1. Of PRO25, ASN138, ILE288, which is farthest towards the positive pole of the chain's charge dipole, taken about the Cα centre with +1 and -1 on the beta-carbons of Lys, Arg and Asp, Glu respectively?
2. If I compute Kirkwood radius over Cα pairs in Å from the structure I just sent, which labelled value in (i) 20.4; (ii) 19.8; (iii) 22.8 lines up?
3. If one computes the Cα centroid of region 112-151 and of region 43-85, what distance in Å separates the two points?
4. Suppose every Lys and Arg Cβ carries +1 and every Asp and Glu Cβ carries -1, with no other charges. What dipole size does region 128-204 come out with about its Cα centre, to the nearest 20 debye?
5. Suppose R0 equals 25 Å; then what is the FRET efficiency for ALA291 and ILE221 from their Cβ-Cβ distance, rounded to the nearest 0.05?
6. Once phi is turned into ³J(HN,Hα) by the Karplus curve 6.51 cos²θ - 1.76 cosθ + 1.60 with θ = phi - 60°, what whole-Hz value does each residue of region 120-128 show in order, with x for glycine and proline?
7. Toward the positive end of the charge dipole of the chain, about the Cα centre and with charges on Cβ (Lys, Arg +1; Asp, Glu -1), which of MET219, LEU298, HIS42 goes farthest?
8. Which whole-Hz ³J(HN,Hα) couplings does region 138-149 yield from phi under the Karplus relation 6.51 cos²θ - 1.76 cosθ + 1.60, θ = phi - 60°, glycine and proline marked x?
Amino acid sequence: MTIDVTDDWAVELNLGIIALETRIPESATMCGLERDEVDFSHDQRFGPLTPWVVANARAMLALDELDVLVVRLEQAAMAENPQVNEAALSIVAGMADRDEAVARVGRTAYRLTRRITAREDWKGIVRERADEIGRSRNWTRAYLGDRLEEFIGNTLVACTLQDLMNDRLAMSATGAWCSILSPHEDFPGEKWRCSDSTTAILRGFFADLDEDGLVDRIMAIDDSRNTEESKQCVKLIGSTLVRNASPPPLAEIVGPGLRDLLPYRGARSLMDQLARLIAGLAQPPDSIEPADVARLRLELTETLGVQW
């Protein structure tokens, strides 16, 4: 299957590449990921979308903050098994005769993972997570490293096959990464936006909330135990990253009591967690049983005051 990049799409891709490159310092480079003239011919290393793949890989290499990367990849993995995405992407690649390009992406993902996991801030994340979950640092290092390579590989393969995928696979494979790239690490894009009725629920919930109210509500649902209910909550949060159930940018839903906190990553992270949990329950995925949805909605009404 041979699909040429149209002139209109070439313009769109170029704009996306420019947007990515503006955030990438010259020092963020790796052999095989050098900046080059943008070309969408089919005889390139990763196929016709090679410049787009390279730009996204370079953006991964240049990430300043790795904590959001770990949070997003784990949330998305709870909602959609990465191996399911990998299998679906492999089928698409086979139909398009791009197996070799995908194999090259896999090797690049491995090298990127090695570079990122060698960073001191990554090692700090491993130490913190090991303490949180009560596992050894060696186990946590291996676990997070495997999940990272899986995430990078699937995301870059999706970039390689972006001209061939349907929307469902594209949203599932790239939503977490698109949210990381967004200006405030909160909104993957219009394709993922939740329904108007869900937006209304979110605005109603956040309308009168201030800093103290935000902290109180986070504490009311915070459960560090690895219980079935806590897993369901993470699955609901992650599900908003892989389908059209994502809350709008936080600036569009919070009230005046929280707007002054939007510039702060820590506060935005708390708001994001609440917004995604509510949105996930307002538009529940098929993987959550209706009885569990009803129970969790009742709990959020009683503990947080959410009006469905």
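The numbers here are math on the coordinates, done by the rules we state, and not lab data. All values reported here derive from a predicted model rather than from experimental measurement. Please note: Cβ atoms are built from the backbone with ideal geometry, for glycine as well, and neighbour counts cover all protein chains shown.
1. Among PRO25, ASN138, ILE288, the one farthest towards the positive end of the dipole of the chain is ASN138.
2. It is the one labelled (i).
3. 17
4. Numbers: 9 positive and 12 negative charges, 32 e Å.
Around 160 debye, computed over region 128-204.
5. Values: r = 19 Å, r/R0 = 0.78.
So, using R0 = 25 Å, E works out to roughly 0.80.
6. Rounded to whole hertz, the list is 5, 5, 5, 4, x, 4, 4, 4, 5.
7. Result: MET219.
8. Going residue by residue, I get 5, 5, 5, 4, 5, 4, 5, x, 5, 5, 5, 4 Hz, with x marking Gly and Pro.
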